[in-house]
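The values are calculated or read from the model by the stated rules, or taken from the named source; none is laboratory data. Since this is a predicted model, take the numbers as computed values, not measurements. With ideal geometry, Cβ positions are generated from the backbone for all residues, glycine too; neighbour counts draw on all protein chains shown.
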């Protein structure tokens, strides 16, 4: 177990280094995320991948699931240092593979390797926050994660769009290793103090469940993308595998939304699925229906990070031990409002910048909700389970984002196979995402433990 004295002595002196390191790592991971999302439509056209477009996003998420399971267990046993190091190098390697891909399969494999890195990094950062910061400082620490995305969101799409428009989308991926590795060196010397605990007796079972869940996610994505009877059977089998394995990867009672920690973990996935499933189609919709450049399409959603940070700042004003259910409910409603107004940009002749306003509104809602879910999860988790519960947050996020995105991808692929995607197609996708957000608002009160 972690020595409490370290938090009062060595760790208190190391928090400045950790703060700088967290900001640096997440900022540069943010550059990768925003830049690659901006370049994705060009990649899809170059590699003839429009019909399987969602695989470019879901491969990252699917691969990150197993990485998060292992990282969570390793963080509880040995501390977050090893998971953070391996995650950064996997992200860099995956970026190179994707950048040099000559066909879509190799590109998807590169995205999967990026997902392995991203999954390990985010779990390690969550455990770092839980171990190095006292409860009173955690809301502000999670605010750091949100503010770290501001510069990448504003600069990343602009740079990536310019590189894509003038040179090649491949440059966007080739640059990632040069930026994500250096900040890691800042934290490594200080992270030795963040010790782990006892080896988990559930290691083999949890990893096995993670493998089954990963297979289930692949089956869902692949099955729904087929848009036929065989594909539906495959997707159904994938859902069965997820339900079977899920009970080993999330807190007991999570699948039935039991009050307290189980429901809190599930809320992360519901809210994320609503927002990120819709985001996949925003740049594509603007390019295809409004004829804007890749740069403008990327910048349309880039401003969202500023408003996400604003929402996160608002939640950080609450006490670290305050119940977060009401603010998560509010955040879900705000996000739903964003998704219900977004179709106006493709269905009417309103200026394209209206999409930025809608998306900024949703980002503010996400800034209220996502950090609040993280704070409540860490508050309700014993120290020995911080790693696996941090992983559970990310796993639920991944599973539900992939599932909802795959469902939207089914509608999109059917449209492409028919007369092509129309403005009505994108409007339907965003309305479905809005319904998911409204479900989250309805279920958010269950985050409140009975004892609160």
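If a residue has to be part of a helix (DSSP H, G or I) and in contact (Cβ under 8 Å) with a residue 60 or more places away in the chain to count, how many in the stretch 111-140 make the cut? Total satisfying the criteria: 20.
Being within 17 Å of the chain's Cα centre (by Cα) and either surrounded by 24 or more Cβ atoms within 10 Å (Cβ to Cβ) or over 25 Å from residue 42 (Cα atoms) (or both) holds for only one residue in 113, 137, 128, 91, and it is 91.
Of all residues in the stretch 240-280, those satisfying the criterion of being assigned to a helix (DSSP H, G or I), farther than 28 Å from residue 337 by Cβ and in contact (Cβ under 8 Å) with a residue 60 or more places away in the chain are 242, 246, 261.
When each of 373, 328, 287, 292 is tested for being over 19 Å from the mean Cα position of the chain (by Cα), assigned to a helix (DSSP H, G or I) and on the phi < 0 side of the Ramachandran plot, the lone residue that passes is 287.
For the stretch 248-280, the set of residues classified as surrounded by fewer than 24 Cβ atoms within 10 Å (Cβ to Cβ) and closer than 30 Å to residue 422 by Cβ consists of 276, 279, listed by residue number.
For the stretch 361-378, check the following and say yes or no: at least one residue is touching a helix residue (DSSP H, G or I) at 6+ places or on another chain (Cβ under 9 Å) and farther than 30 Å from residue 131 by Cα. Yes, that holds for at least one residue. Hey, among 108, 97, which residue is part of a helix (DSSP H, G or I), free of Cβ contacts under 8 Å to residues at least 60 places away in the same chain and within 19 Å of the chain's Cα centre (by Cα)? Only one candidate passes the filter, namely 108. Would a scan of the stretch 390-407 turn up a residue that is surrounded by fewer than 17 Cβ atoms within 10 Å (Cβ to Cβ), in a helix (DSSP H, G or I) and either modelled with pLDDT of 85 or more or under 24 Å from the mean Cα position of the chain (by Cα) (or both)? For the stretch 390-407, residues surrounded by fewer than 17 Cβ atoms within 10 Å (Cβ to Cβ), in a helix (DSSP H, G or I) and either modelled with pLDDT of 85 or more or under 24 Å from the mean Cα position of the chain (by Cα) (or both): absent.
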